[in-house]
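Beneath this line is the structure, given in structure tokens, with notes to follow.
The values are calculated or read from the model by the stated rules, or taken from the named source; none is laboratory data. Remember, predicted model here, so these are calculated numbers, not experimental data. No Cβ is skipped: glycine too gets one built from the backbone with ideal geometry, and neighbour counts run over all protein chains shown. With ligands, DNA and RNA removed, areas are computed over all heavy atoms of the protein, side chains included. Shrake-Rupley method; radii C 1.70, N 1.55, O 1.52, S 1.80 Å.
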Amino acid sequence: MFYLTEDLFFPPVHLAHSSGIIGLGGDLSPERLQLAYQSGIFPWFEDGEPITWWSPNPRMVLFLDELVVSKSMRNIRNRKIFKVTFNKDFRAVISNCQIIKREGQNGTWITDDMIEAYCKLHDLGIAKSVEVWQDDELVGGLYGVDLGHVFCGESMFSKVSNASKVAFIALVEKLKKEHYKLLDCQVYNSHLESLGCREISRDDFMSILKS
């Protein structure tokens, strides 16, 4: 495990601890965040903890052709009860991701400093959001970091059933049309698996990221 200084540097990911942690410290500047994602690394920590940088092995990803859309989700989308937009209200999306409680989690890893850092990335056109609306109310969405050929998903939220799935599916369809290679989902959870995501080795992930 490495202790980062003000120098803009990350060690090679194969040097990460078995837990996936590769470093502690540094900052959340736009330059460091960009370098992190380009290097297969992302920050994940809670308030009161040092900034913790991760590069897990294996890595949860979605190959875009493997998206699973259930019959019930197809019916929901065909009913057009939701409207989807892109990059219309990034701050609202990340703020909702911070406050919406999730099963099995006591708190959030999206600190106020993280919100400001990713809003700066959004202003630079690097962090992007998907918004889902129902009757002009924001009811779901997701955000992540766009590397041009890989989209690194960070978090999503729902205020009503299926809203985050609608955002996820809309994002995947957009990425597929624009010939992206991969949607990075970072670490395993069963919800992502139900949408077609699967784990691959860190080496395989890095090969795609660097291609």
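Of note:
- Residues within segment 171-195 that are more than 19 Å from residue 148 (Cβ to Cβ) and surrounded by 17 or more Cβ atoms within 10 Å (Cβ to Cβ), tallied: 2
- Qualifying positions in segment 21-54 - free of Cβ contacts under 8 Å to residues at least 40 places away in the same chain, open to solvent by less than 10 Å² (accessible area, probe 1.4 Å) and either part of a helix (DSSP H, G or I) or over 22 Å from residue 120 (Cα atoms) (or both): 22, 23, 32, 36
- Test: residue in segment 86-96 that is at pLDDT below 95 and surrounded by fewer than 16 Cβ atoms within 10 Å (Cβ to Cβ): no
- Residue count, segment 131-147 (criterion: closer than 17 Å to residue 99 by Cα and surrounded by fewer than 18 Cβ atoms within 10 Å (Cβ to Cβ)): 1
- Verdict on residue 7 being modelled with pLDDT under 95 and more than 18 Å from the chain's Cα centre (by Cα): yes
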